[in-house]
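Data block below; observations after.
The values are calculated or read from the model by the stated rules, or taken from the named source; none is laboratory data. It should be emphasised that the depicted structure is a prediction, and the values quoted were computed from it without experimental measurement. For neighbour counting, all protein chains shown are included, and Cβ atoms are generated from backbone atoms with ideal geometry for every residue, glycine included. Each accessible area value is taken on the protein alone, full model and side chains, heavy atoms only, with ligands, DNA and RNA left out. Shrake-Rupley method; radii C 1.70, N 1.55, O 1.52, S 1.80 Å.
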Amino acid sequence: VQLQASGGGLVQPGGSLRLSCAASRSIFTFNSMGWYRQAPGEQRELVARLAGVNTNYADSVKGRFTISRDNAKNTVYLQMNSLKPEDTAVYYCNAYTAGRGAVWGQGTLVTVSS
């Protein structure tokens, strides 16, 4: 399976971006899908995860970011609003299947700067 992430870019503080993660097979086959990010010099951290109808978010993004899915397009999205400079990072999508482990997409860079 392959995951193709897109949607990163340069945005001013307070702005919005939507990241997309397109899977090469039905996303119903995954137990969960999520977005992680890694800032320079930092460890990769969970941003948001979607498992069935359940979602969870990092405290730092609650109320600003929303993870969602389009089953027909085999795509998971991350809507990011009210972006802050500290959201600057490379964002990675992830898909986990019990018994098979996790698959990662390539990163997409989000830069929040004026």
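Just to be sure I understand the filter: pairs with C-beta atoms under 9 Å, separated by 6 or more residues or on different chains, first member in the stretch 9-23 and under 11 Å from LEU83 (Cβ atoms) and of a type in the set (Val, Ile, Thr), second member assigned to a strand (DSSP E or B) and modelled with pLDDT of 95 or more. Which pairs pass?
Matching pairs, first to second residue: VAL11/LEU17; VAL11/MET80; VAL11/VAL110; VAL11/THR111; VAL11/VAL112.
Sort out which residues of the stretch 1-24 are modelled with pLDDT of 95 or more and within 11 Å of GLN106 (Cβ to Cβ), and write them in order of number.
LEU3, GLN4, ALA5, SER6, GLY8, CYS21
Restricting attention to the stretch 76-114, which residues are surrounded by fewer than 19 Cβ atoms within 10 Å (Cβ to Cβ) and part of a strand (DSSP E or B)?
Answer for the stretch 76-114, where residues must be surrounded by fewer than 19 Cβ atoms within 10 Å (Cβ to Cβ) and part of a strand (DSSP E or B): GLN79, VAL90, TYR96, THR97, GLY101, ALA102, VAL103, TRP104, LEU109, THR111.
Does VAL1 count as surrounded by 18 or more Cβ atoms within 10 Å (Cβ to Cβ) and over 18 Å from ILE67 (Cα atoms)? Working first, answer last.
Working: surrounded by 18 or more Cβ atoms within 10 Å (Cβ to Cβ): no; over 18 Å from ILE67 (Cα atoms): yes.
No.
Does THR29 qualify as being surrounded by 12 or more Cβ atoms within 10 Å (Cβ to Cβ), under 19 Å from ALA98 (Cα atoms) and over 16 Å from the mean Cα position of the chain (by Cα)?
Yes; evaluated as a whole, the condition is true for this residue.
Let me confirm something: among ARG18, ARG25, ARG49, which residue is closer than 15 Å to CYS93 by Cβ and assigned to a loop (DSSP other than H, G, I, E, B)?
Within the list ARG18, ARG25, ARG49, the selection yields ARG25.
Quick check on ARG37: is it over 15 Å from TRP104 (Cβ atoms) and open to solvent by less than 60 Å² (accessible area, probe 1.4 Å)? Step through it out loud before you land on a result.
Values: over 15 Å from TRP104 (Cβ atoms): no; open to solvent by less than 60 Å² (accessible area, probe 1.4 Å): yes.
No: the conditions fail for ARG37.
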